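Participant: There's a structure below that I have some questions on.
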Amino acid sequence: MTGKQTRLRSMTGYALATAQHDGFTLSVTLRSVNHRYLDLRVHVPESLLPLERKARAIVQGRNPRGHVELKVALESPSGGDMTVDEALLARYMETFRRLGAQYGLPAPTDMAALSQLPGVVVRKDAAPGLEITSELEGTLLEAVTRAVEGWDAMRGEEAALLVADMRARIGGLGQTVERLEQWQRESLRDAQQRLAERLQALAGQSGFDQARLAQEALMLADRTDPTEEMLRLKAHVSQFAALLDGDADAGRKLDFLLQEMQREANTLLAKVAGLGETSLSMTQTGVEMKAEIEKLREQVQNLQ
């Protein structure tokens, strides 16, 4: 892994760890993908069910959210007993032959494919009467811990790549806001000058309510002044960059900030439409900024 170290973690990862115990092989696989909440599913052989809770706790301690699958397999030197439900297989075959004749399609005869049908091949527990000793418990939990460590390292590597890209993007957003701020200062002066000239011309005409006119002018000036949105966008950009160096579970905070940035960008675009000749350039830049914020949101969805 290259670049600046990050404590953030991707929600996508995979790891495998194996261990030996009394002639048996323990295999622990751990895989995860992004999910809004923690969805942890644990699959262990029936003989190891008493240890499921402790294995689950090890994974939960390292992952606040994501769809996570922990699978533990126990194999004997002989590979365990395996049975084929021939009656079920015969029913599958008969159904396929009937449907094939009905629709003019060849019935499947590939035994490898047929063996994958639900219930055809059943592998029995390799050690149905296995005694849960402290040694077995230690071996299993140590394998789970190693799998979690490998899985966490992979998630850290992926997160580092995402963070490096997001640092570049958020830096570019900061520069874009500064550019918009400069355009806004220049165009706002022009807009205020034009407004002042129009007010002066209207003020010389009879029949106008001067107080009402001044009030409307102030409201118009406020509706076309995106200063507050600019300031909030700059603050959000700074907070986002700081969170990229923060806690491992900052994904939700980052997502919330991006939602706020998108909202400020929408308001800004509505206001700059009345800023004269430069409004078109500001609008185009604002649209590009919104697209960049959306790209960041897509990436943040992968962080825990």
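Participant: Report whether or not GLU197 is part of a helix (DSSP H, G or I), at pLDDT 65 or above and surrounded by 16 or more Cβ atoms within 10 Å (Cβ to Cβ).
Facilitator: On the way: part of a helix (DSSP H, G or I): yes; at pLDDT 65 or above: yes; surrounded by 16 or more Cβ atoms within 10 Å (Cβ to Cβ): no.
Against the criterion (part of a helix (DSSP H, G or I), at pLDDT 65 or above and surrounded by 16 or more Cβ atoms within 10 Å (Cβ to Cβ)), GLU197 does not qualify.
Participant: Pull out all pairs, ordered by first then second residue, where Cβ-Cβ is under 7 Å, the residues are six or more apart or on different chains, the first lies in the stretch 42-64 and is on the phi < 0 side of the Ramachandran plot and exposed (fewer than 12 other Cβ atoms within 10 Å of the Cβ), and the second is of a type in the set (Lys, Arg) and not in a helix (DSSP H, G or I).
Facilitator: Here the result reads HIS43/LYS71, each pair linking the stretch 42-64 to a residue that is of a type in the set (Lys, Arg) and not in a helix (DSSP H, G or I).
Participant: Further question on the same structure: Looking only at the stretch 1-55, how many residues end up being hydrophobic (A, V, I, L, M, F, W, C) and closer than 26 Å to ASP249 by Cα?
Facilitator: Of the residues in the stretch 1-55, the ones hydrophobic (A, V, I, L, M, F, W, C) are 1, 8, 11, 15-17, 19, 24, 26, 28, 30, 33, 38, 40, 42, 44, 48-49, 51, 55.
Next, only the ones that are closer than 26 Å to ASP249 by Cα stay: 1, 8, 11, 15-17, 28, 30, 33, 38, 40, 42, 55.
The qualifying residues number 13.
Participant: Being at pLDDT below 85, touching a Lys or Arg at 6+ places or on another chain (Cβ under 9 Å) and part of a strand (DSSP E or B) is the filter here; which residues of the stretch 50-90 pass it?
Facilitator: MET82, THR83
Participant: Taking the condition more than 17 Å from the chain's Cα centre (by Cα) and surrounded by 14 or more Cβ atoms within 10 Å (Cβ to Cβ), does LEU26 pass?
Facilitator: yes
Participant: Separate question: Out of ALA127, ALA113, ALA143, which single residue is part of a helix (DSSP H, G or I) and modelled with pLDDT under 95? Steps first, answer last, please.
Facilitator: Working: ALA127 fails: part of a helix (DSSP H, G or I); ALA143 fails: modelled with pLDDT under 95.
Going through ALA127, ALA113, ALA143 in turn, just one is part of a helix (DSSP H, G or I) and modelled with pLDDT under 95: ALA113.
Participant: Considering GLU94, GLU181, which residue is at pLDDT below 85 and more than 23 Å from LEU30 (Cα to Cα)?
Facilitator: Values: GLU94 fails: at pLDDT below 85.
After ruling out the rest, the residue left standing is GLU181.
The values are calculated or read from the model by the stated rules, or taken from the named source; none is laboratory data. Keep in mind it's a predicted model, so treat the numbers as computed, not measured. Here Cβ is always computed from backbone atoms with ideal geometry, including for glycine, and neighbour counts include all displayed protein chains.
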